[in-house]
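Let me begin by presenting the structure, written as structure tokens, before commenting on it.
The values are calculated or read from the model by the stated rules, or taken from the named source; none is laboratory data. Treat the numbers as computed from the prediction; the structure is a model and nothing was measured. Here the Cβ positions follow ideal geometry from the backbone for every residue, glycine too, while neighbour counts run over all protein chains shown. When the accessible area is computed, the model is the full protein with side chains, heavy atoms only, and any ligands, DNA or RNA have been set aside. Shrake-Rupley method; radii C 1.70, N 1.55, O 1.52, S 1.80 Å.
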Amino acid sequence: MSKTLQAVRGMNDCLPTETPIWQMVESVLRRVASSYGFAEIRMPIVESTGLFKRSIGEVTDIVEKEMYTFDDRNGDSLTLRPEGTASCVRAGNQHGLLYNQEQRLWYTGPMFRHERPQKGRYRQFHQFGLEAFGIGTPDIDAEIIMLTSRLWRELGINEFVTLELNSLGSNEERANYRDALVVFLTEREEQLDEDSKRRMHTNPLRVLDSKNKDVQTALVGAPKLSDYFDDESKAHFASVCQRLDAAGIKYVINDRLVRGLDYYNRTVFEWVTDSLGAQGTICAGGRYDGLVEQLGGKATPAFGFALGIERLVLMLTSLEKANNIRAQVDVYVIGLGEGVDIQAALLSEQWRDQVKDIRIQNHCGGGNMKKQMKRADKSSAQVAIIIGEDELAEQSVTIKYLRGQQEQQKVSLEQVPALLNSLI
């Protein structure tokens, strides 16, 4: 007997019992993004490897350890996208969307990283991302953070998340700080773990967000990035904070929040939660004014974020915020008697025309009343509509309520559309 095939480790199926919450989350994300004037863009899953090396940075964990990279038949190096921002910038440059223009774009889809699979972290995962191009002022930083705050309110989890905020200053200020930080870390190299020792020479700012407690102890007294800011960087960050204060959005300034990708500057943020264990970040982003030019375009300011849909779904489920999602089926239609199933199917078509967005499932496969009612009970339908020879003769149907205590009743065909509307 041949071995049953399994999904690739860390790449999971989303089953019909799970898709309703995914659809609800995706619907909220799309609706909120649209309400702020953002339009959808769709990019390919596979890109040239050089795109991610140039954008993310060759000495980041993603590029060094996690990318799914392969040579195609022409010998070109291709990579399954590990994140969406670089692809979005590439598409904007390629199609002339960015230079001397303002663009507000969102996207969603699968991303790929070869990490150790664990709760809330997978090798194929799904992100929703949003990017604003051509606006260099702090108002767009604050507005996009306000947008994320609205997402949590719409999903009912705002009380379970905390906003962490920081500024990385300009690229020049960050470079000056990097030199000072390397001097500080070199003096304490014996106290660092092996990962931090490696990062000290490749991406020293990442040492700041190490989860190793001994490393965090060694960082006490480290120079602060904000001490290297000029007046413009200070004013930009102060304006972001002022706008969030005016909107009543609470935040914590975390001067060790640096983000894991090389392209960030000035405002960076993360929304974190303690509802997911070790995987506490559900949304993160910031400003990346140099990336468009770095990838071959004209200098263009930009700000954006990405969030993991799996983590949102996991969080909503664990907090029991997904219990009132509309069922897959509203009505289960049963036809009893010779040729009645044909008429039942035609009536169902008629009701779908009359009541938009109604979800009707017709019984297929034949069987007696008991078998059909058993199928109806197993469905998620609220009611079963039973149509027999007597009902057809009387131009009526029998309504049996499957999820409540209401009594079974017979209604005329003319009354059915109004009843179906009440179920939506």
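Every residue in segment 342-366 that is more than 38 Å from the chain's Cα centre (by Cα) and either closer than 11 Å to V331 by Cα or part of a helix (DSSP H, G or I) (or both), please. Scanning segment 342-366 gives I342, Q343, A344, A345, L346, L347. No other residue among R311, R256 is part of a loop (DSSP other than H, G, I, E, B) and on the phi < 0 side of the Ramachandran plot apart from R256. Consider only pairs whose beta carbons are under 9 Å apart and that are at least six residues apart or on different chains; among these, list those whose first residue lies in segment 144-159 and is among the aromatic types (F, W, Y) and modelled with pLDDT of 95 or more and whose second residue is part of a helix (DSSP H, G or I) and open to solvent by 50 Å² or more (accessible area, probe 1.4 Å). That search, which allows pairs on different chains as well, returns W152/N158; W152/E159; W152/F160.
Out of W106, W22, one residue alone is under 23 Å from L307 (Cα atoms) and at pLDDT 95 or above. It is W106. The number of residues in segment 296-344 being surrounded by fewer than 17 Cβ atoms within 10 Å (Cβ to Cβ) and either of a type in the set (G, A, S) or free of Cβ contacts under 8 Å to residues at least 12 places away in the same chain (or both) comes to 10. E164 - would you say it is open to solvent by 10 Å² or more (accessible area, probe 1.4 Å) and over 24 Å from R266 (Cα atoms)? Here the answer is no, as E164 does not meet what is asked.
Does segment 388-418 hold any residues that are among the β-branched types (V, I, T) and in a strand (DSSP E or B), and which are they? Quick ask: steps written out before the conclusion?
Within segment 388-418, the subset among the β-branched types (V, I, T) is 397-399, 411, 416.
V397, T398, I399, V411, listed by residue number.
The residue pairs whose first member lies in segment 232-244 and is part of a helix (DSSP H, G or I), whose second member is surrounded by fewer than 20 Cβ atoms within 10 Å (Cβ to Cβ), and whose beta carbons are closer than 7 Å, counting only pairs six or more residues apart or on different chains, are S233/S170; R243/D139; L244/Y251.
Could you tell me whether K211 is of a type in the set (D, E, K, R), surrounded by fewer than 18 Cβ atoms within 10 Å (Cβ to Cβ) and farther than 27 Å from K119 by Cβ?
No.
Going residue by residue through segment 183-195, is there one that turns out to be in contact (Cβ under 8 Å) with a residue 60 or more places away in the chain and either surrounded by 20 or more Cβ atoms within 10 Å (Cβ to Cβ) or within 18 Å of L257 (Cα to Cα) (or both)? Among the residues of segment 183-195, not one is in contact (Cβ under 8 Å) with a residue 60 or more places away in the chain and either surrounded by 20 or more Cβ atoms within 10 Å (Cβ to Cβ) or within 18 Å of L257 (Cα to Cα) (or both), which makes the answer no. Does segment 39-62 contain at least one residue that is at pLDDT 95 or above and either part of a helix (DSSP H, G or I) or of a type in the set (D, E) (or both)? Within segment 39-62 (the criterion being at pLDDT 95 or above and either part of a helix (DSSP H, G or I) or of a type in the set (D, E) (or both)), the answer is yes, since at least one residue qualifies.
Restricting attention to segment 263-295 and to residues that are open to solvent by less than 60 Å² (accessible area, probe 1.4 Å) and of a type in the set (D, E), the residue that is modelled with the highest pLDDT turns out to be E270.
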